[in-house]
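Read the structure below first, then the notes.
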Amino acid sequence: MAESADMEQLLTAFRKFAVHGDTKATGKDLTGKNWAKLCKDCKIIDGKNVTGTDVDIVFSKVKQKTSRVINYEEFQKALEELAPKRFKGQSKEEALQSIHKLVEGREPTNVGVTKVAKTPAVDRLTDTSRYTGSHKERFDESGKGKGREGREEIVENTGYVGAYKNAGTYDTKVKAEK
């Protein structure tokens, strides 16, 4: 029972790292970049016994020849390869369990991600209500950007002059006269 729960947590960690940073990812394949992130975030890479190079070599060893990603089974093989190297004094089974404990239930960290600066100068410069000229046209009243509509003059081929107030009322006037 505990074995299946541990494997479930390992699979969950695999899926979280598989989709990290890629909006199109399905969670079934792990890229080399995300494999390296998993090893770094879960502290498999310790700098002495296991380095980033070791992690890359193991990734290349377990993946298919033409593939650029590894699936869950290959991921487990990769952990088996790294376990004796990371935990040198332990038997193969103990090392594998130790490395599983490092990975289980973990998810990608966002340490070092750029944060938005909250200073008065930045607030003043990004306050859209204070914009003038053509820049003012790029935002609606709430401060949300209009997109292409705010950057380019979009031509409407309705037959009416640009700022004509009674556009679309011709049919109602003609029908009312008859």
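Quick grid of which residues meet (1) charged (D, E, K, R); (2) in contact with a Cys (Cβ under 6 Å, 6 or more places away or on another chain); (3) open to solvent by less than 80 Å² (accessible area, probe 1.4 Å):
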| site | (1), (2), (3) |
| --- | --- |
| 88 | yes, no, no |
| 110 | no, no, no |
| 121 | no, no, yes |
| 124 | yes, no, no |
| 131 | no, no, yes |
| 141 | yes, no, no |
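Residue pairs whose Cβ atoms lie under 9 Å apart, sitting 6 or more positions apart in sequence or on different chains, and linking a residue in the stretch 82-110 that is among the aromatic types (Phe, Trp, Tyr) to a partner that is assigned to a helix (DSSP H, G or I) and surrounded by 16 or more Cβ atoms within 10 Å (Cβ to Cβ), are 87/95; 87/96; 87/99. Screening residue 49 on (1) surrounded by 16 or more Cβ atoms within 10 Å (Cβ to Cβ); (2) touching a helix residue (DSSP H, G or I) at 6+ places or on another chain (Cβ under 6 Å) shows it passes everything except condition (1). Every condition in (1) touching a helix residue (DSSP H, G or I) at 6+ places or on another chain (Cβ under 8 Å); (2) open to solvent by 90 Å² or more (accessible area, probe 1.4 Å) is met by residue 135 except one, and the failing one is (1).
Note on the stretch 79-161: no enclosed helices (runs of 4 or more DSSP H) hold 1 or more residues that are among the basic types (Lys, Arg), touching a His at 6+ places or on another chain (Cβ under 9 Å) and modelled with pLDDT under 80.
On the given criteria, is residue 150 touching a Phe, Trp or Tyr at 6+ places or on another chain (Cβ under 7 Å) and either open to solvent by less than 80 Å² (accessible area, probe 1.4 Å) or among the aliphatic types (A, V, I, L, M) (or both)?
yes
For the stretch 57-73, the set of residues classified as closer than 15 Å to residue 18 by Cα and surrounded by 19 or more Cβ atoms within 10 Å (Cβ to Cβ) consists of 59, 63, 70, listed by residue number.
The values are calculated or read from the model by the stated rules, or taken from the named source; none is laboratory data. As the structure is a computational prediction, the values presented were derived from the model and not from experiment. For neighbour counting, all protein chains shown are included, and Cβ atoms are generated from backbone atoms with ideal geometry for every residue, glycine included. What goes into the accessible areas is simple: the full protein's heavy atoms, side chains included, and nothing from ligands, DNA or RNA. Shrake-Rupley method; radii C 1.70, N 1.55, O 1.52, S 1.80 Å.
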